[in-house]
Amino acid sequence: MEFISPTVIIILGCVAVLLFLQWKNLRRPPCIRGWIPWIGAGFEFGKTPLEFIEKARIKYGPVFTVIVMGTRMTFVTEEEGINVFLKSKEINFELAVQNPVYHTASIAKNIFLKLHEKLYITVKGKMGIFNLYKFTGQLTEELQEQLQNLGTHGTTDLNKFMRHLLYPVTVNILFKKGLFPTDERKIREFHQHFQAYDEGFEYGSQLPECLLRNWSKSKKWLLALFEKNIPDIKTHKSAKENYPTVMQAVLDLLEMEANEQKSPNYGLLLLWASLSNTVPVAFWTFAFVLSHPNIHRTIMEGISSVFGTAGKDKIKVSEDDLKKLPLIKWCILETIRLRAPGVIARKVLKPVKILDYTVPSGDLLMLSPFWLHRNPKYFPEPDLFKPERWKEANLEKHAFLDCFMAFGSGKYQCPGRWLALLEIQICIILIFYYYDCSLLDPLPKQSSLHLVGVQQPEGRCRIQFKQRK
Ligand code: HEM
């Protein structure tokens, strides 16, 4: 009988260990690839993407990859993966969004990469916490102006109402006072095109424009609107406010960088970013408050104690007034927690290890704030609307609750977050100061059709309003 020499056994053992280690290192997360090449799991995923993610997590575990339209998306849903998403130097925001930016705003990838950081710093500075006070007076005035058109009483669709209020206010503040049309027909056109652009944004960010005719028409209409108005925005000096608007600061930077021809395209991006999430969040906050009578009553009492009971005169809202009404801010944040964006994305630059898996470079690493906010480990009783949980947050120091990720994370988290909160706070104060309101329909369901941005309502939701005496 022949024996294998001990040396050979040792060598074979070493080879086996090496192969095992290599296999372990290259072990990729479970992958859902569908059965049609390139399209991958596109059809299943596209039907209800939010539900798809949760079902996949239950079936495949905390890290899994989905192939959709040739793109590998690796989802992380638990601590270790989330830590990599938040802290690893091997993942990148700009490379993850350059493609969607190219498709939705026709900004070439090299221009986007060259200018992104400078533009981000400019926009963040203009809307940062220390400059916020500059917006308070103007927001209050613009909102009051819009509310005057509402009349003394009536019934209206809440979503439409929020659009009619916030489209003009946001455009006039971020771009130029008076830029939003006042003529009925033009207002209708703006609404129609912005809504079409917003609704098709997710498909528009992935598919060639020639496949989306109506969406493309609305995109061109909005670009033409900016093309026409850029010279005016640039030279406009407000009689009252003598500091440049956010868009004026962007235009100055583009001029310095010799990229003025892309001004309308950046105008379109700013317009979409400023409205697409803020309007539905205002809608949901209002609907949540009205469907919780105790909270509604406490808010009304708070507003009366700060501004008086009758609601006819124009009021001024100060930083101090806002501090006296913390429940309103908690309601907004609790709403954003419950209706948070479906996903945020980063590009993997070098392979990263998560649990026992290696996520290869080139993958999009995806985190779902929506599902993270529904994890009872981080948010007890996650499905309940509980504004009081925000008592725990150090909002004075501008910190949210741990694991609250609705505004993204890291270096490039949403630069408009403080402005969005301020705008909705003042909006709620003014509506409740002037009107008694009630819901005529049950709280609508949230649509699970979209992953980009916050969830939209599904079905109608009307309110009744009556001027307070
Ligand atoms: C409740 C309302 C809002 C929500 C939930 C929201 C959420 C987000 C999220 C999740 C991101 C991506 C961040 C990341 O991936 O880490 C983002 C980016 C951005 N947001 Fe917001 N946002 C809101 C309101 C606003 C407003 C009012 C503005 C402007 C006035 C704005 C301007 C932007 C811009 C310009 C970016 C891109 C930043 C970059 O390119 O680096 N957002 N937002």
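The values are calculated or read from the model by the stated rules, or taken from the named source; none is laboratory data. Computed from a predicted structure; not experimentally measured. Cβ: placed from backbone, ideal geometry, glycine included. Neighbour counts: every protein chain shown. These accessible areas exclude ligands, DNA and RNA; they are computed on the full protein's heavy atoms, side chains included. Shrake-Rupley method; radii C 1.70, N 1.55, O 1.52, S 1.80 Å.
So here's what we get for this one:
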| item | result |
| --- | --- |
| Förster-model FRET efficiency, 56 Å R0, L449 and V17, C-beta, rounded to 0.05 | 0.70 |
| Within the range 170-194, backbone nitrogen closer than 20 Å to the virtual label 7 Å beyond the Cα of E209 toward Cβ | 190-194 |
| Nitroxide proxy distance, nm - points 7 Å out along Cα→Cβ at Q195 and C403 | 3.7 nm |
| Two-site FRET efficiency, R188 against N110, from Cβ-Cβ distance with R₀ of 30 Å, rounded to 0.05 | 0.20 |
| The chain - accessible surface per residue (Å², probe 1.4 Å) | 50 Å² |
| For I111, solvent-accessible area (1.4 Å; no DNA, RNA or ligand), Å² | 30 Å² |
| Residues of the range 130-162 with amide N under 18 Å of the 7 Å Cα→Cβ point at K316 | 132-145 |
| Long-range amide H partners of R28 with built H, under 5 Å | T358 |
| R0 of 45 Å, Cβ-Cβ distance E255-C31: FRET efficiency to nearest 0.05 | 0.45 |
| Length added when fully stretched, K391-T235, from 0.36 nm per residue minus Cα-Cα | 51.7 nm |
| Under the span-like rule (Cα at least 20 Å along the axis, Kyte-Doolittle mean at least -1.0), DSSP H helices of the chain | 6-26, 109-126, 133-147, 158-174, 213-235, 293-307, 417-434 |
| Hits among aspartates and glutamates - C-alpha to C-alpha of K411 under 15 Å, sequence gap 8 or more where chains match | E90, E94, E117 |
| Percent of beta bridges antiparallel (DSSP, the chain, rounded to nearest 5) | 85 percent |
| Distance (nanometres) between label positions extended 7 Å along Cα→Cβ at T152 and F130 | 4.9 nm |
| Centre separation in Å (Cα based) which lies between the range 419-451 and the range 155-176 | 12 Å |
| Accessible-area ranking of Y197, Y434, Y60, largest first, probe 1.4 Å | Y60, Y434, Y197 |
